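First up is the structure itself, then whatever we jot down about it.
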Amino acid sequence: SPYFFFFFFFFWNNSFHTMANFGELVLVLGDLHIPHRANAIPEKFRRMLVPGKMQHVICTGNVGTEQYEDLRELAPNLHVVQGDFGGESFPETRVVQVGQFRIGVIHGHQVIPWKSHEALARMRRKLCVDILISGHTHKNEVVEHDGHFHINPGSITGAYSSITRDVTPSFVLLAVQSDKVVCYVYELIKGEVEVSKTEFSKKADHLL
Amino acid sequence: AQAYLIDCIIQVFPDEYHIETLSILLAVCPKLRDKVNIRTILQSLMDRLATYYAEEELLDGELDTNEVKKSVFNDSFPMFEHCVQNVYNARGPKLTSKEVIRLQTALLKFSLKCYPGNMEQVNRCLGTCITFIRQAAQVGALANQTTLPEEDGAFELDEASVVELEKMLSIPLDSLALKVLQLDHYSDLLRFLPWENRRDVSMTMLGAIDSSGDTPNTVKELEELFSIISPVIKDPEEDEEDDGMRDSQEEINLVSKLVHLLHHHDLNVTHEMLVVARNHLSESGENRESHLLVPVVFASLGLVNLIQTKKGEGQKEEITEPKEEETPATEGESTTEDAPKHKKATSTPLGCRKVFVFIQTTITMLAKSNAELAVKLFLHAALASDALLDPSSDDKEDFTQITHELLVQAFFLHEEEINEPKSQRRCVVNMVAALLACKSLTNQDYESLVTKSAQYAAKLLKKEDQCEMVTMCSHLFYPIHKGENGYSNPQRTLECLQRSLKLADASTVASPGSVYLFVDLLEHYVYFFEHNNPVITEAYVTGLIALIKEHLESYKATGSAASVAVANADAQFQQLLNDIKRKQTDSKLADRFKLIQM
């Protein structure tokens, strides 16, 4: 809705103290593949990625050779996992605690069959997390599975993928307030930024 | 005194006065004494006027409020040019290259500011420089009684001139980017610069191209660009002193980005451009070759997608006959424009097969310097080819063979070249995952590759790796997504899991922390059980649950050293048990899952 859209951009430009009302902000992105498959993060996205607004940056891997330092400057905490093209110094999986949520991160090429939520659930159980973040498919997704959430930020550069035909550049922003999460998905469609959101909260041992 | 007085005149009087009296002032300049720095005088005049014109544009919109102003504006460049020429003449034989270049640089800046897009003026500045330099070369040769250097580059410019020339050639890049290729003397002047300076200019050019998003319009333009930027592409020469200033990664990044900018509405031309790019980049030397060829591979894979899109839209490209891959046809552009009308009927669109051959040879080239990367690229190419299979289309091209061929090459390369254990494991993960995702292989081809995968998995160095990879291979024998006639070998799936169990057992003896291997295995038994693998019965699941409980209890009791790992495995186990319990009450799965005893 237009109201929501305006509201969100207003929120984006706010000073830090008002930001606290939205809880901790976690930027989720990945599969940049710069310069192997793409030249840069799209201009309209770049303008939104302002340092000092977010507490965490989670990267699903395949950063490439250029952007690591830039990502580090965005937030005090940067969590990167190993992709399938480089980044061998990073671990394959990571678990991040934000608010009451345990968030697991893995690139996803190791989880088979690809695109299977059952397979991702296996990994989610292994890491014992509420939310599993993975990439690899270059297709953004926010899917509820067995009372938990699987999130895929897609490829922020819209890089080529041999398993997804038409890739839309995208990334995700999580606003975590203790036991609630609002998940914003940003996509670049025909040159314009479009946002959609999902909300969920944590109850006992699973999410609703 | 003269310098001071002129400076005063320039500073004191307002711009409007200067415009009226410009010709007078400029006439005086060449008559000033030698020691006066004409360049700074002219530069400050030009700067004042440039600022003034810029402001006028903003205020009035157009400069036609005053006829004098307008006529002076139109004439000012030629006036300055003329003045500069008079200065040269006045200097006579004492005139140096450095001075010539500096003055032309000032003119060039003025032109770019006040007459943006006026290529002719830029050409004149460059032309004056090169004429002077060539003359100096001639004079030098005569003086030393040597033969005239045949190539421009053989004449050595003095250091000061080199610095000035580099500055001059870098200035137009910001506003013109690729358009500098259209200038008459740009490349010629570049040749007078030594290698290092040429490299710096090339980097600036590549940066400008990246910012502007400008792309070469023809193969010929691309060839010229590549010849200009060759110092950026190649590895440092052996005798080159590494002054530490060279940033290899930045060079690789900029050149890679250039590859991604290569586009043309005629896909055949795009392909030719990639061929040209590859020809140049493959000579970059061992250290860089693998980095620089990767973008070529992905750009080509992107091209395959474009071809498919075009086919889908039912368009037929208006192109020439497909050319032999190895000859970068410079006639490519002219034939597309001049193609006689009857050729449209007989011309064929760029075929995916041709692009895949190109991709294959490119990956083979970089395999020598980075085998693991090549394995992954072969797998990606195979997946791309696999995705082209469309049973509903009447496209006669058969990509099954290409897919198989690329997979075979990946596997072969893995066997021959991948020796380091971590690298081996990474490759096996990628190979198994890619193979599972392929849909177009014949059962026979699939089976032979699947068997090989299992062998590689079993041969890995570490027991934990063997266990995990053999478990991963179990999916290959019972792929969930394959249809009725798809390959399926439920028994081999069980064999994989049983083998992994033994490996897990052996691992946990040495390190209890490896108990997670059992839990991972249980996940797989449950998965195949749920998907109705006929030989994986509830007995296996029940048995393994009991086994894991036993192990966990004994580790907890002995307060095992790897307590964190054991605790994690336990947590994972509990999650899985909860999942099974949930399925025991699920409407669709209850019947099956109730058979499991916990």
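Remark: B:Glu523 matches the filter, which requires a residue to be closer than 26 Å to A:His117 by Cβ, out of contact with any His (no Cβ under 8 Å at 6 or more places or on another chain) and either surrounded by 21 or more Cβ atoms within 10 Å (Cβ to Cβ) or charged (D, E, K, R) (or both). Screening the range A:75-140 for strands (runs of 3 or more DSSP E) wholly inside it with 1 or more residues that are in contact (Cβ under 8 Å) with a residue 24 or more places away in the chain and open to solvent by less than 10 Å² (accessible area, probe 1.4 Å) returns the ranges A:93-98, A:101-106, A:131-134. Taking the criterion of being touching a residue at least 40 places away in the same chain (Cβ under 8 Å) and of a type in the set (Gly, Ala, Ser), would at least one residue in the range B:518-539 satisfy it? No, that holds for no residue. Anything in the range A:157-179 that is open to solvent by 30 Å² or more (accessible area, probe 1.4 Å) and part of a strand (DSSP E or B)? List them, or say none. Selection gives A:Gln177 alone. When you look at B:Glu159, is it more than 24 Å from the chain's Cα centre (by Cα) and without any contact (Cβ under 8 Å) to a residue 12 or more places away in the chain, yes or no? Judged against the criteria, B:Glu159 is a match.
Candidates are the residues of the range B:551-568 that are among the β-branched types (Val, Ile, Thr) and within 14 Å of chain A (Cβ to nearest Cβ); the one that is surrounded by the fewest Cβ atoms within 10 Å (Cβ to Cβ) is B:Val564. For the range B:22-38, a residue qualifies if it is part of a helix (DSSP H, G or I) and open to solvent by 30 Å² or more (accessible area, probe 1.4 Å), and the qualifying residues are B:Ser23, B:Ile24, B:Ala27, B:Val28, B:Lys31.
Candidates B:Val259, B:Val219: the one that is at pLDDT 90 or above and within 14 Å of chain A (Cβ to nearest Cβ) is B:Val259. Per the listing B:Glu420, B:Glu415, B:Glu495, the residue uniquely among the acidic types (Asp, Glu), within 13 Å of chain A (Cβ to nearest Cβ) and on the phi < 0 side of the Ramachandran plot is B:Glu420. Filter the range B:249-269 for residues that are of a type outside the set (A, V, I, L, M), more than 14 Å from the chain's Cα centre (by Cα) and surrounded by fewer than 23 Cβ atoms within 10 Å (Cβ to Cβ) and give the result. Selection gives B:His264, B:His265, B:Asp266.
I'd like the full set of residues that are small (Gly, Ala, Ser), surrounded by fewer than 21 Cβ atoms within 10 Å (Cβ to Cβ) and within 25 Å of A:Trp114 (Cβ to Cβ), limited to the range B:456-513. If the condition is that a residue be small (Gly, Ala, Ser), surrounded by fewer than 21 Cβ atoms within 10 Å (Cβ to Cβ) and within 25 Å of A:Trp114 (Cβ to Cβ), then B:Ala458, B:Gly483, B:Gly486, B:Ser488 are the ones that fit. Would you check which residues across the range A:75-86 are within 14 Å of another protein chain (Cβ to nearest Cβ) and more than 19 Å from A:Asn152 (Cα to Cα) and list them? Scanning the range A:75-86 gives a single hit, A:Gly86.
Scanning the range B:373-389 for residues that are more than 16 Å from B:Leu306 (Cα to Cα) and either surrounded by fewer than 21 Cβ atoms within 10 Å (Cβ to Cβ) or away from chain A (no Cβ under 13 Å) (or both) returns a single hit, B:Leu373.
Consider the range A:141-156 and keep the residues that are open to solvent by less than 20 Å² (accessible area, probe 1.4 Å) and part of a loop (DSSP other than H, G, I, E, B). The one that is nearest to the other protein chains (Cβ to nearest Cβ) is A:Gly147. Of the helices (runs of 4 or more DSSP H) lying entirely inside the range B:283-376, the ones with 1 or more residues being at pLDDT 90 or above are found at B:286-312, B:352-367. Please go through the range B:569-589 and pick out each residue that is open to solvent by 10 Å² or more (accessible area, probe 1.4 Å) and touching a helix residue (DSSP H, G or I) at 6+ places or on another chain (Cβ under 6 Å). Correct list: B:Asp570, B:Gln575, B:Lys583, B:Gln584, B:Leu589.
The residues in the range A:56-74 that are touching a residue at least 40 places away in the same chain (Cβ under 8 Å), within 14 Å of chain B (Cβ to nearest Cβ) and either under 17 Å from A:Phe45 (Cα atoms) or out of contact with any Asp or Glu (no Cβ under 6 Å at 6 or more places or on another chain) (or both) can be counted, and the count is 1. For beta carbons closer than 6 Å, sequence separation of 6+ or different chains, a first residue in the range B:435-447 that is within 14 Å of chain A (Cβ to nearest Cβ) and a second that is open to solvent by 70 Å² or more (accessible area, probe 1.4 Å), the qualifying pairs are B:Ser440/B:Leu389.
When the range B:208-222 is filtered for residues that are surrounded by fewer than 17 Cβ atoms within 10 Å (Cβ to Cβ) and part of a helix (DSSP H, G or I), the ones remaining, listed by number, are B:Ser211, B:Ser212, B:Glu221. Contact annotation: residue pairs with Cβ atoms under 8 Å, 6 or more positions apart or on different chains, pairing a residue in the range B:25-51 that is over 12 Å from B:Lys109 (Cα atoms) with a partner that is exposed (fewer than 15 other Cβ atoms within 10 Å of the Cβ) and basic (Lys, Arg), are B:Asp34/B:Lys94. Restricting attention to the range A:4-26, does a residue exist that is buried (at least 23 other Cβ atoms within 10 Å of the Cβ) and either more than 30 Å from A:Arg122 (Cβ to Cβ) or at pLDDT 95 or above (or both)? Among the residues of the range A:4-26, at least one is buried (at least 23 other Cβ atoms within 10 Å of the Cβ) and either more than 30 Å from A:Arg122 (Cβ to Cβ) or at pLDDT 95 or above (or both), which makes the answer yes.
For A:Glu69, the stated conditions hold: it is open to solvent by 60 Å² or more (accessible area, probe 1.4 Å), in a helix (DSSP H, G or I) and either more than 22 Å from B:Asp579 (Cα to Cα) or of a type in the set (D, E, K, R) (or both). With respect to being surrounded by 23 or more Cβ atoms within 10 Å (Cβ to Cβ), more than 14 Å from chain B (Cβ to nearest Cβ) and among the aliphatic types (A, V, I, L, M), A:Val182 falls outside the description. For the range A:40-53, the criterion of a residue being in contact with a helix residue (DSSP H, G or I) (Cβ under 6 Å, 6 or more places away or on another chain) and at pLDDT 95 or above is satisfied by no position. Name the residue that is nearest to B:Ala504 (Cα to Cα), counting only residues in the range B:520-550 that are within 14 Å of another protein chain (Cβ to nearest Cβ) and of a type in the set (D, E, K, R). For the range B:520-550, the residue satisfying everything is B:Asp520.
The values are calculated or read from the model by the stated rules, or taken from the named source; none is laboratory data. Keep in mind that this is a model prediction, so the values were computed, not measured. With ideal geometry, Cβ positions are generated from the backbone for all residues, glycine too; neighbour counts draw on all protein chains shown. Quick note on the areas: whole protein, heavy atoms, side chains included, nothing else; ligands and nucleic acids left out. Shrake-Rupley method; radii C 1.70, N 1.55, O 1.52, S 1.80 Å.
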